[in-house]
1. From Y306, Y275, which residue is at pLDDT 95 or above, away from ligand 2 (no atom under 14 Å from the Cβ), part of a loop (DSSP other than H, G, I, E, B) and not polar (S, T, N, Q)?
2. Checking the conditions here, which among L123, L106, L134 is within 16 Å of ligand 1 (Cβ to nearest atom) and assigned to a strand (DSSP E or B)?
3. Taking L193 and the conditions (1) farther than 27 Å from T633 by Cα; (2) of a type outside the set (S, T, N, Q); (3) surrounded by fewer than 23 Cβ atoms within 10 Å (Cβ to Cβ), which numbered condition does it fall short on, given that it satisfies the others?
4. With the structure loaded, tell me whether S60 is among the hydroxyl-bearing types (S, T, Y), at pLDDT 90 or above, part of a helix (DSSP H, G or I) and surrounded by 21 or more Cβ atoms within 10 Å (Cβ to Cβ) or whether it fails that test.
5. Of everything in segment 364-383 that's touching a residue at least 12 places away in the same chain (Cβ under 8 Å) and farther than 19 Å from L419 by Cα, which residue is surrounded by the most Cβ atoms within 10 Å (Cβ to Cβ)?
6. Can you tell me how many residues within segment 730-758 are at pLDDT below 75 and loosely packed, with under 13 Cβ neighbours inside 10 Å?
7. In segment 185-201, what count of residues is obtained for those that are within 16 Å of ligand 1 (Cβ to nearest atom) and more than 25 Å from the chain's Cα centre (by Cα)?
8. Between a first residue in segment 127-141 that is at negative phi and a second residue that is in a loop (DSSP other than H, G, I, E, B) and charged (D, E, K, R), which pairs have beta carbons less than 7 Å apart while being 6 or more apart in sequence or on different chains?
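The values are calculated or read from the model by the stated rules, or taken from the named source; none is laboratory data. Since we're looking at a predicted model, the values are computed, not measured. Cβ: placed from backbone, ideal geometry, glycine included. Neighbour counts: every protein chain shown.
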Amino acid sequence: GDGYLDSVTSPLPALSPSHRECRWSDTSSYAGKKKLQYWCQLPSGNWALGKILSTSGAESVISLNEGNVLKVNTESLLPANPDILDGVDNLMQLSYLHEPSVLFNLQYRYNQDMIYTKAGPVLVAINPFKKVPLYGNDYIEAYRRKSTDSPHVYAITDTAIREMIRGGLTFFDVVGESGAGKTETAKIAMQYLAALGGGSGIEYEILKTNPILEAFGNAKTSRNDNSSRFGKLIEIHFSETGKISGAKIQTCKITCFYCEVVQCAEGERSYHIFYQLCAGATPALREKLNLKHANEYKYLKQSNCYSIAGVDDAERFRMVMEALDIVHVNKQDQESVFAMLAAVLWLGNISFTVVDNENHVEAVEDEGLTTVAKLIGCDVEELKLAFSTRKMKVGNDNIVQKLTLSQAIDTRDALAKSLYACLFEWLVEQINKSLEVGKRRTGRSISILDIYGFESFERNSFEQFCINYANERLQQHFNRHLFKLEQEEYIQDGIDWAKVEFEDNQDCLNLFEKKPLGLLSLLDEESTFPNGTDMTFANKLKQHLNSNSCFRGDRGKAFSVCHYAGEVTYDTSGFLEKNRDLLHLDSIQLLSSCKCPLPQIFAVNMLTQSEKPVVGPLYRSGGADSQKLSVATKFKGQLFQLMQRLENTTPHFIRCIKPNNLQRPETYEQGLVLQQLRCCGVLEVVRISRSGYPTRMSHQKFARRYGFLLLESVASQDPLSVSVAILHQFNILPEMYQVGYTKLFFRTGQIGVLEDTRNHT
Ligand code: ATP
Ligand code: MG
């Protein structure tokens, strides 16, 4: 079916336009009917099916299908859908739309490996955590020929391709928690695009960007063995005939991540590429880079985890090298890349020794120091100096400050992180050059956004703060599109439509973005104060933001934000430090004086990214490098660039759901799924679309499509008169449709009977 078949959908509970609240818990008219089944919430929070045995007063005795008998509040029972609706492929078809029915329907399908389900315009994908037989050429062919229409990434990609060929920009917004399957889903969409739009050969290059970006940008975390530590937008361009002509990748990264280069928790790993290099480099490369086994590098050693079950790092390294060949990174550049990786690893092994009685330190001239100097192409002495001193400007005087152990370690780690961050950016740039869209742009493209989903943990820090801010922005895009545009369309067409109420999150975005008194501005301001601490930052927030309804100051260093997906409490510990870009200008200067090309390029890039380009001698003034962008501001800039690309594109929404936290197949945890459905707006979409008029057609199209079914001729042949006559002939109930100025609007499930008749005539 097309998802709107009358024969399966029972009539809606009476819904007039003013009756817009299709409440989840509206059971009053159904409770008490013994023959029906009801959903009953167990003390565990899970829902179970049962039948009412008796009702007295406000309480009912319910016999659960699984055996137990329970006394519950009658009001809390929710009616179950008839069996015939079990496992429908679009949640909109459910007669009773409430949390347990949605949860059950998804679970029913998941149990049969039907991991895709539509929720109106949104595709819900549940991670199977195992190989499911849904992909490959046969399936691609089936969706291309439209011989199947069950929900699938291929199906929505196919729709997108057709839209795009008609001339336009389309994009996929893939969202979900860590481990929910965003990256895999994005790859599945790319696979379909490559199959249908291939031919020029550039599609192979595009597909090969995945193993490269995953090697350099993904790491094993406690939640996902292949977790993307960056957000990505890939824009794939097409010719007029629908052939891929090029692509462009844009990334969005918080460069202070917990599982970043220099810091990893027990059982997690740093970026895959480090382990791949250590395991897979040829003997010649090993010798050239003075490579050791991964467990000899301090940065990799701290988490005590070197391998991933089922993954051969050496083999992956060969695949990455091959992919680099394919995207035209030449051998010499590849070697420079590997040298930078080795330099990062060796930086971690540099140690320090106290040189005076004021605890000032100097780097020990050992294998670490000499290897780093060799790999980046600088003097050992220069490198030593960069780790033991810092140039300062005090008043009009330039002075040289000596570093203590912790300052020296910070300087070293900041250099390692920055080298890696620059390397990643440089690599993306090289890939983009290789994939570059020719001069002749056709204005036809499909973009895929794979970005961190909303996060809410027991303890939330700076990273969650940035990620949730980004999601708040994306959510607005989602809202605006699905709800606002929908509503505007009704109003524009003169439909009697009591406004659809949707949560607009502009207040929350203002809380973040307002200048000078918003979360980001205040954070940046406090980060530049030499005496600013996490506590003074928290106090400042409370002082200035308490009047904002989305903000709540909490005890001590904490504050809470009311996000669209729920309230999150942030602990400001470490906020300022993480927000400051710790790389000192001395280090940039060191890189710019290196003899190897990459460090020089990195130094230039770092300087051009500063707010004010620095010229002349690099001296710092004040406590922090005030010229440099803060981490949060840089992230916001990348996010805005990304959002700009999405302007004027038609979105398609994919919501990835993780059915359990164990990365295990055949395990569906209701509570966990429910929370994600709420966070990514699926429940809201179902509710709103269902209470509106999701099917619409212009008068002309309607008259053309069904006019021939008319049994009696109509006096006037204008499309509107013909349309109205059709509606009457087919007895479409007045509350099931509305006639707009240009279009007809139908409630879910109304077109089915017309289509059936048409197909059998
Ligand atoms: P993160 O935010 O951490 O990057 P993610 O949402 O990108 O997470 P993925 O890396 O795409 O998550 O998926 C995690 C794992 O789940 C994959 O490595 C794979 O094992 C499994 N997985 C995801 N989607 C599918 C699928 N369609 N079929 C089979 N396995 C899948
Ligand atoms: Mg990912």
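1. Every option except Y306 fails the conditions.
2. Matching residue, one of L123, L106, L134: L123.
3. For L193, the failing item is (3).
4. Spelling it out, it is not the case that S60 is among the hydroxyl-bearing types (S, T, Y), at pLDDT 90 or above, part of a helix (DSSP H, G or I) and surrounded by 21 or more Cβ atoms within 10 Å (Cβ to Cβ).
5. Ranking the candidates gives E365 first.
6. Selection size over segment 730-758: 0.
7. Selection size over segment 185-201: 0.
8. N127/K658; P128/D113; V132/D113
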